[in-house]
Amino acid sequence: MKILEIFGSNGDSTLFVGERIQHLQKYIPGKKAIIITDINVKHFYEKEFPSYEVITIGTGEEIKTLDTARAIYKRLVELEADRSTFIIGIGGGIVCDIAGFVASTYLRGVKFGFVSTTLLSQVDASVGGKNGVNFEGYKNMVGVFNQPQFVICDPFLLHTLPQKEIRCGLAEIVKHAAIADANLFTFLEAHYQQAQSLDTDVIEKLVYDSVVIKSDIVNRDETEQGERRKLNFGHTFGHAIEKTTGVSHGEAISIGMVMASALSVKKEHLPVHDAQRIKHLLEKLGLPTTFETHRNNIIDAVHKDKKREGDRIHFVLLNGLGSAFVDNIPIKELTAAITYMS
Ligand code: GLY
């Protein structure tokens, strides 16, 4: 097991990479705790849960809403949860986002921790203290920055994931390598098959290296005023694709990274060879690299991006493999790019 720390403004977060769900009990402070999980995770792992009340939610991005949060608040009241109650989210990105949001707002905030059960949430969603829900079709529109007290990344929980889920997590690992670690990128190129088959040593290295990159960035910029924006590489185009085509987050980010790399080449920051390496690696990992919808739908969604500031948007470009920077780009330059890329 390897341990990392995030030093948040509301408290620190300890990340246990390689820890097992069976040891969860020892990380729970106090006597009162309530578990929030989803129906899939409950089905596979309920027998490993410590014996606390369990609140079970559904699955899928469409349940990441204030209505689901409301149902959980109601259940917390019924269970007489008070300020000493510790909330444990056991699940992937959706469970962790909602559990973190509910814990941060119920009774003005109770302490919480996560057992992260998908590759995507282990390398990204559960780490870094972003907790929120979607609102009126806008992703993560309502939420808070608040660090979980701990995150347990148990590699053995990944073995019940469908291949598509694994691919989506690998997309976020490619993102981390592309923005911050050329050696990790080269390692992935050499070990993409072992990564897909969840070879324990390879997966633990990939998760650990990703969490090192993410925690390092979050420690320098918890609330995304600058440096943390780099973690959005591929996400401006990716969110637009996710919203308009309904492909999964990881698949959309894969396409978004290819488009952001192409724009980096066009703006003469990135050698074309590096952009090709990114595209080839994503293809080898079985991820999509082009979108299948009319480009006007993507253009429309980019115009509605919640992160735009006036007619510009902070956009992540690469100036080499393992090196990213943020540029404040006019929206019309992005929409022109969509036109020539499609
Ligand atoms: N997933 C991007 C971030 O946590 O900032």
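No value in this document is a laboratory result; all are computed from the given coordinates. Remember, predicted model here, so these are calculated numbers, not experimental data. Virtual Cβ from ideal backbone geometry, glycine too; neighbours counted across all protein chains shown.
Note on Arg228, Arg295: ascending count of other Cβ atoms within 10 Å places them as Arg295, Arg228, the fewest first.
Convex hull volume of the C-alpha atoms in the chain, normalised per residue: 119 Å³.
Label-to-label distance, Ser197 versus Phe135, with points set 7 angstrom from Cα along the beta-carbon direction: 4.7 nm. For the chain, the longest principal axis of the alpha carbon atoms and the long axis of helix 249-266 meet at an angle near 30°. Within the range 38-180, DSSP assigns beta bridges of which about 35% are antiparallel (rounded to the nearest 5). Structure remark: mean-square fluctuation, Gaussian network model of the chain, C-alpha springs under 10 Å; the largest value among Gly91, Gly11, Gly250 belongs to Gly11. Placing one equal scatterer on every Cα of the range 128-230 and applying the Debye formula, the log10 ratio I(q)/I(0) at q = 0.11 Å⁻¹ is -0.40. Arranged from fewest to most other beta-carbon atoms within 10 Å of their beta carbon, Ile255, Ile213 become Ile213, Ile255.
Any idea what log10 I(q)/I(0) is at q = 0.16, 0.25, 0.29, 0.34 Å⁻¹ for the range 65-107, Debye with uniform C-alpha scatterers and no solvent? Evaluating at q = 0.16, 0.25, 0.29, 0.34 Å⁻¹ gives log10 I(q)/I(0) of -0.37, -0.90, -1.15, -1.35. For the range 254-289, the residues whose amide N sits under 15 Å from a probe point set 7 Å from the Cα of Arg295 along the beta carbon direction are 259-260, 262-263, 266.
Put simply, the Cα atoms of the range 20-99 extend 33, 28, 17 Å along their principal axes, the longest span coming first. Expressed as a fraction of 2.2 N^0.38 Å, the C-alpha radius of gyration for the range 131-182 is 1.49. Per residue, the Cα convex hull of the range 225-310 amounts to 112 Å³. Look at Ser104, Ser215, Ser51 and count the other Cβ atoms within 10 Å of each Cβ; fewest to most, that gives Ser51, Ser215, Ser104. Note on the range 50-166: the C-alpha convex hull projects to 7.2 nm² when averaged across all orientations. What the phi angles of the range 326-331 give under the Karplus curve with 6.51, -1.76 and 1.60, with θ = phi - 60°, is a coupling list of 10, 10, 8, 9, x, 4 Hz, glycine and proline written as x.
Residues whose amide H lies under 5 Å from that of Phe86, counting only those 5 or more places away or on a different chain, are Lys32, Ala33, Ile34; hydrogens are built 1.01 Å from N in the peptide plane.
Each helix, a run of at least 4 DSSP H residues, gives -39500 (n - 2.57); summed and divided by the residues of the chain, these come to -14000 deg cm²/dmol at 222 nm.
Compared with the dominant principal axis of the Cα atoms in the chain, helix 200-220 is inclined by about 90°.
The alpha carbon radius of gyration of the range 265-338, expressed as a multiple of 2.2 N^0.38 Å, is 1.22.
Multiplying the residue separation of Arg312 and Lys332 by 0.36 nm and removing their Cα-Cα distance gives an extension gain of 6.4 nm.
Here the Karplus relation 6.51 cos²θ - 1.76 cosθ + 1.60, evaluated at θ = phi - 60°, turns the backbone of the range 151-156 into coupling constants of 10, 9, 10, 9, x, 6 Hz, with x for every Gly and Pro. Close amide H pairs (under 5 Å, H built 1.01 Å from N) link Asp305 with no residue at least 5 positions away or on another chain.
Within the range 194-342, the percentage of alpha carbon pairs spaced more than 24 angstrom apart rounds to 33%. I want to check the label-to-label distance for His280 and Gln22. Put each point 7 Å from Cα in the C-beta direction and report it in nm to one decimal. Label at His280, label at Gln22, 4.3 nm between them.
Taking the centroid of alpha carbons for each part, the range 175-200 and the range 1-68 are 27 Å apart. Taking the charge dipole of the chain about its Cα centre, with +1 at Lys and Arg Cβ atoms and -1 at Asp and Glu Cβ atoms, the residue from Pro155, Ser254, Asn10 reaching farthest to the positive side is Asn10.
The Cβ shell under 14 Å around Leu318 holds other residues with a net charge of +3, Lys and Arg each +1, Asp and Glu each -1.
The DSSP beta bridges internal to the chain are antiparallel in roughly 50% of cases.
Couplings for the range 56-66, taken from phi via the Karplus curve 6.51 cos²θ - 1.76 cosθ + 1.60 with θ = phi - 60°, read 10, 10, x, 10, x, 4, 5, 8, 7, 10, 5 Hz in order; Gly and Pro are left as x. For Glu48, project a label point 7 Å along Cα to C-beta. Then give me every residue of the range 124-149 with its amide nitrogen under 17 Å of that point. Within reach of a label on Glu48, which here means backbone N under 17 Å from a point 7 Å along Cα→Cβ, the range 124-149 contributes 126.
Taking every C-alpha pair closer than 8 Å and separated by at least 6 residues, the mean separation divided by the residue count of the chain gives a relative contact order of 15 percent.
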